[in-house]
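Here, each number is a calculation from the coordinates, and none is a lab measurement. What you see is a predicted model, and the numbers here were worked out from it, not measured in a lab. All Cβ positions, glycine included, derive from the backbone under ideal geometry; neighbour counts span all protein chains shown.
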Amino acid sequence: MLKLKSVSKFYYNKGIIASGFTKINLELKMGEFIAITGESGSGKSTLLNVISGLDSYEEGEMYINDQETSHYTEKDFEEYRRKYIANIFQSFNLINSYTVYQNVELVLLLNGYKKRDVKNKILDIIEQVGLTKFKHTKVSKLSGGQKQRVAIARAMVKDTPIIVADEPTGNLDTESAKEVIEILKKVAKNKLVVVVTHNIEQIEPYATRIIKMHDGRIVENTEIKPIKEEITVEESKYNKITIANKYRLGIRNTFNIVTKFLLLFAVFFFITSALFLEYASFQLSEYEIEKNGYNMAFRDLSENRIIIKKQDKTPFSQQDYQAIKKLTNIDYIVEDDLFLDANISVSKDDMSFYGNVQDLENFRGNLDIGRMPENDNEMIVKISKQHYYIKSRIEEVLNKTFRINGNNEVSKEQKIDIVGIQYNEEDNNYDAKFYLASSVIENLRSEINKQYSDMKLLFDGKYIPNSVLPSEKVEKGTAIVYDDLRYQMTSGNIRNKTIQIEVNNIYYQETLNLKIKNTYTKSNFKKMTGYEEYDNYRVAIFINNEEYNAIYNKPSYQSSIFVEDSQTIEETIQSLNELGIKAKKVTDYKVTTNGEIFTKIIKIIKLIVTIVLIFVLFFISYFIIRIILKSRNIYYTTLRMLGATYKSVRRILDIELFLNSTLAYAGILVFIKLIDMGIVSFDYGAKLIGFLSIREYIMMYVILIVMARLISRRFSKKLFKNTAINTYNEEV
Ligand code: ADP
Ligand code: MG
């Protein structure tokens, strides 16, 4: 059956050559039960590995059924192993997470048998090794002797002509060892069995031949019982593994180790959520830039709004407004329209709405929720129904008190209740319109005007960077400054020095010369200025509040008209022109160029960042998954030893990672749904959800499973780089 002619095995290890065994001549026949002994390191395991095609040899010739094997490729040996060899190891090499039944079944599934065809055969063999009671017990729960009996059952079920056992009793107590040897003997009938053992007395009664090795050579080769009859070799029958079996094993492996499943799940979950977050964040900023760039100057882009200016660049007078009101199609005029376009925030706790201010008088239509304001401390808001706070937290909005702030760092806070809401038709525009009483707008106006103006302070020939605040306590024509300002002077007394305030905006320039009347320190701050918190204003300049307001409350150079019917807006513009007024629809002020360029840049950055992120995530997750799967190396090398080909191992792993990543993806979808429903609170995430389309969800899934597949490919390639025994040794 097997013949070795002067076969030598060398190990090459970092330039050092070690000898496994040298010039072995040996002939092994069917029906023999051969015991090999010898001290540790004498080459017994090496010999068994070469015989069973798990390892290559370097010199001489090994014949299998009189056929030379020196030209055999790894694939040829794979086939040889499948047809002829069943291995039993000292360390069992079982799949610990499988049951006894599954371990025995595994070798048949890998060799193309159908699950339902092999059930009786497996149960029969489990019975023969005396493990029927444990057939559905996980192997990890068995004793050493029981484990080795499972290994024998696995070797039996494959029904190969040769069984090779390397110290099968090495890890067992005497009693179990005896049982194992007895079972082996039963199995050995009509086969060729080669057993390496330290315990020759135990095997001797059954052995037909005893071989002793020393220092890589055979020093004794004694036949105890001659083989009388010639036994024909019957190759083990096998087929390619069926697709159903690959899926069966893939699915079994996905779930059989819970921690591994959860770790892989977490990695895939992390990859997907990182990609989703990154991508949607870009979509959001794209949207924001597009929107802002669309029109930098005007936030209120109503169809029926016209921006007007005097042709002679002078401010509007009340007569002008009267004349305009007499035209047809005029709904209302907003004289000082800057506040329409100022960005205002209305906030409370962790909630903020952004938008622009409208006069309550100009509210049109009906409310969808709540009621109209009854006093000046109440407001209504027009906003998209899809806005997160409106959709999910409306009870925290309605009839609750909010703060109104301009963007100015020293703007005064106003407290106001939201009592009513009108939905905006534009679902994906989250900007609000805040309808406020005229008196509230009046208070905001100087703050807003300030935003659009540039103020400079000239003191003692230098510009100083301090802020100016209004105070009723300061006399007209004077200013009260912080005491330390004196150190900014070159000479003289700070009192009666002049401070010059210059205000510039696109319409006018205004200069105010004020005498410094006094300076303040912490102790007299409140008395002099009327403000409470010294710490907030320790370097401010206080001026008379009427003078302060007068700098900003100039007659308007630009106003807005809202028409009743936007269809005939061109005719209204025509009639305005006839009055000597420059008029243009607000939507004609599109300053699109900036926005378009920014959006393009953002799109390119998004693409680059996404690709880089995919690469980074791929390598991070490959690294982590390799560590997770490392504990599985034994599993895969065992599959290999049982006759699984590279292709089928890869496929089984493919299926496992595919399943796991798909489940992780489903987990993400559930998570997103929970965020959307407000059950999981993650405001930023909730905001992003609207920025992903079905197409992008599908793309993300495709990216994930492609990544899972690449990881599986890389991993299995590494696994098969070496001969089976080397990979096994490396990993054990
Ligand atoms: P035994 O099984 O009889 O204890 P082995 O077959 O394991 O002996 O080892 C035979 C010789 O080959 C020993 O000298 C051992 O050091 C060497 N050897 C075994 N495996 C390797 C290996 N992977 N790399 C280098 N040398 C090896
Ligand atoms: Mg050994």
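Working ranking of peptides 535-542, 165-172 by packing, defined as the average number of other Cβ atoms within 10 Å per residue, highest first, is 165-172, 535-542.
The string of couplings for the stretch 488-500 from the Karplus curve (6.51, -1.76, 1.60, θ = phi - 60°) is 8, 8, 7, 7, x, 9, 5, 5, 6, 6, 9, 10, 10 Hz, one whole number per residue in order, with x for Gly and Pro. Counted over the chain, the DSSP beta bridges are approximately 65% antiparallel. Cβ-to-Cβ counts within 10 Å put Met699, Met528, Met62 in ascending order as Met699, Met528, Met62, the fewest first.
Relative to the longest principal axis of the Cα atoms of the chain, the long axis of helix 243-256 makes an angle of roughly 70 degrees.
Using every pair of distinct Cα positions in the stretch 291-380, the Kirkwood expression returns a hydrodynamic radius of 16.0 angstrom. Charge dipole (Cα centre; +1 on Lys/Arg Cβ, -1 on Asp/Glu Cβ; no other charges) of the chain amounts to roughly 2900 debye. Averaging the sequence gap over all C-alpha pairs within less than 8 Å and six or more residues apart, then dividing by the number of residues, gives the stretch 2-239 a relative contact order of 30 percent.
Farthest towards the positive end of the charge dipole of the chain, among the residues Ile675, Ile551, Ile569, is the Cα of Ile675, using unit charges on the Cβ of Lys, Arg, Asp and Glu.
For a Förster distance of 51 Å, can you work out the FRET efficiency between the beta-carbons of Lys400 and Ser575, rounded to the nearest 0.05? The formula returns an efficiency of 0.70 here. In terms of packing, defined here as the mean over residues of other Cβ atoms within 10 angstrom, the peptides 462-474, 347-359 line up highest first as 347-359, 462-474. Peptides 638-648, 680-690, ordered by how many other C-beta atoms sit within 10 Å of their residues on average, highest first, read 638-648, 680-690. For the chain, the longest principal axis of the C-alpha atoms and the axis of helix 646-676 are separated by about 30°. Treating each Cα of the chain as an identical point scatterer and summing with the Debye formula, the log10 of I(q)/I(0) at q = 0.10 Å⁻¹ comes to -1.02. On a C-alpha basis, how far is the centre of the stretch 636-707 from the centre of the stretch 148-176 in Å? Whole number, if you could? Between the Cα centres of the stretch 636-707 and the stretch 148-176 lies a distance of 41 Å. Phi-derived couplings, Karplus 6.51 cos²θ - 1.76 cosθ + 1.60 at θ = phi - 60°, listed residue by residue for the stretch 342-354: 7, 7, 10, 10, 10, 9, 6, 6, 9, 9, 9, 10, 10 Hz, with x used for Gly and Pro. Once the C-beta distance of Phe619 and Tyr697 is scaled by a Förster radius of 22 Å, the resulting FRET efficiency is 0.35 to the nearest 0.05. Taking amide H positions as modeled 1.01 Å from N, with prolines and chain starts lacking one, the residues under 5 Å from Tyr332 and 5 or more places away or on another chain are Phe562.
Got the relative contact order for the chain handy, in percent, Cα pairs under 8 Å and 6 or more residues apart?
It rounds to 16 percent for the chain.
Remark: the stretch 109-125, residue by residue, has Karplus-estimated 3J(HN,Hα) of 4, 5, 9, x, 7, 8, 3, 6, 6, 9, 4, 5, 4, 5, 4, 4, 6 Hz, where x stands for each Gly or Pro and the curve is 6.51 cos²θ - 1.76 cosθ + 1.60 at θ = phi - 60°. Equivalent ellipsoid of the stretch 75-118: semi-axes from √(5λ) of the C-alpha gyration tensor, largest first, are 19, 17, 7 Å. Against the main long axis of the alpha-carbon atoms of the chain, helix 258-294 sits at an angle near 30°. Residues whose amide H comes within less than 5 Å of that of Ile36, counting only those at least five positions distant or on another chain, are Val195, Val196, Thr197, Ile211 (H built at 1.01 Å from N in the peptide plane). Label-to-label distance, Lys119 versus Ser345, with points set 7 angstrom from Cα along the beta-carbon direction: 6.8 nm. The modelled label-to-label distance for the pair Lys325/Ile243, using points 7 Å beyond Cα in the direction of Cβ, is 8.1 nm.
In this structure, the amide hydrogen of Ser70, modeled 1.01 Å from its nitrogen in the peptide plane, lies closer than 5 angstrom to those of Met62, counting only residues at least 5 positions away or on a different chain. With contributions of -39500 (n - 2.57) from each DSSP H run of at least four residues, the per-residue ellipticity at 222 nm computed over the chain stands at -13500 deg cm²/dmol.
A Cβ-based charge dipole, computed about the Cα centre of the stretch 453-552 with Lys and Arg at +1 and Asp and Glu at -1, lands at about 420 debye.
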